[in-house]
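Bear in mind these aren't lab numbers, they're just calculated from the coordinates by the rules spelled out. Please read all numbers here as calculations on a predicted model, not as lab measurements. Note that each Cβ is placed from the backbone with ideal geometry, even for glycine, and that neighbours are counted across all protein chains shown.
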Amino acid sequence: MSHLPSLQTLRAFEAAGRLRSYSKAAEELGLTHGAVSHRIRELEQRIGKQLFRRVGNAMAPTTDALKLLGNVRQGLSLLEQAFAPPRALTTNARRPIVVASVPSLASTWLFARLAQFRAERPEIDVELRVAEQLSDYKKEGIDVGIRLGLGGWSGLNAAKLFDEALSPVCAPAYRDRLALQAPADLARAVLLRNAWTPWARWFQAAGLDWPEPASGPMYDDAPLLLRSALDGQGVALGRHWLAIEECRAGRLVAPFDLSVWDDFSYWLVWPTGRAANADAVAFREWLQAQAAGEVHPYPATRIVAAATG
């Protein structure tokens, strides 16, 4: 296994990707900033790809880094489980609640709030499973799920978390460089594309008689679409609740005050015909309270229904 990077290098990479900071990663791991930087360069040389770019004060993972991070985190998790000390058996030991989420929200809105739940309810362990396809909740022992869609899934109770809307977003420097002030200014921009968020509906709402773009970078993963916008590669038609943290931090901006409602909403789901344990109920109620207390990402933005037909 001489081709494998060292465990220290992988831990440095994972921490830097999660914290978006070499300094914070160094502090967490008890290393110097230089040591973390050296290990990241070592990993970049090994795979022949750039893993981080500086965006303001943050070190933003590149598209290649995001793909690698998932595998590294899974590998580190397996190692931790394999070498974890045995827990003392107690009569009141509880199993973790199993939460299944679509990848888009799992890596953005949900991920940002799980740490808060752990801080408030440290006695409840959460096992997060990420999958695009709808799982068999009863067969796989899933307690709670988050789905994007129209609702009405067979065998599942469903409660809406929040509706979703779409708005053009880009890096502040990209907006300023192209002087994006009115929707028609998009004619000089690179439009980043995703099959699930077509541009034509937003064009129509903005009064632009433009067809769906036939060129420009295409991504089948919504977080990668936003990552491309963060890197200054163009303008993405972003889902509000996926871009919320980046917009609040100022790393993404919405150049125009117009959004369109998406057909799909985010739903909290759980299996019918099975008594939910108290921990799962507590997590569901906590998540619903978090969603209800959210301030919309773009409070000054007009959100209109997209025309159909």
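Taking other Cβ atoms within 10 Å as a rough exposure proxy, Thr63, Thr272 sort from fewest to most as Thr272, Thr63. Here the label points at Ala119 and Asp257, each 7 Å from Cα along the C-beta direction, are separated by 3.5 nm in the simple model.
For the chain, the Cβ-based charge dipole about the Cα centre amounts to some 580 debye (Lys, Arg positive; Asp, Glu negative; other atoms uncharged). Residues whose amide H falls under 5 Å from that of Asp262, counting only those 5 or more places apart or on a different chain, are Glu164, Ala165, Leu166, with hydrogens built in the peptide plane.
Report, in whole Å, the centroid distance computed from the Cα atoms of region 10-30 and region 139-184. Computed from Cα coordinates, the inter-centre distance equals 28 Å. Multiplying the residue separation of Asp231 and Ala159 by 0.36 nm and subtracting their alpha-carbon distance yields 22.4 nm.
Over the residues of the chain, compute the C-alpha Rg and express it relative to 2.2 N^0.38 Å.
My calculation over the Cα atoms of the chain gives 1.09.
Per-residue ellipticity at 222 nm, computed for the chain from helices alone with -39500 (n - 2.57) per DSSP H run of at least four residues, works out to -11500 deg cm²/dmol.
Other residues lying with their Cβ under 12 Å from the Cβ of Asp163 contribute a combined charge of -2, Lys and Arg counting +1, Asp and Glu -1. Taking every DSSP beta bridge that has both residues in the chain, what percent is antiparallel when rounded to the nearest 5? Given both bridge residues lie in the chain, the antiparallel proportion sits at roughly 60 percent. In summary, the helical segments of the chain meeting the span-like criteria, namely a full DSSP H run, a Cα extent along the axis of 27 angstrom or more and a mean Kyte-Doolittle hydropathy of at least -1.0, are 63-83. Label sites at Leu134 and Leu79, each approximated as a point 7 angstrom past Cα along Cα to Cβ, lie 3.9 nm apart.
Ranking Pro255, Ala106, Leu161 by Cα position along the charge dipole of the chain, where only Lys, Arg, Asp and Glu carry charges on their C-beta atoms, puts Ala106 farthest toward the positive end. By the rule of a C-alpha distance below 18 Å, with chain neighbours fewer than 8 residues away ignored, the aspartates and glutamates paired with Lys24 are Glu14.
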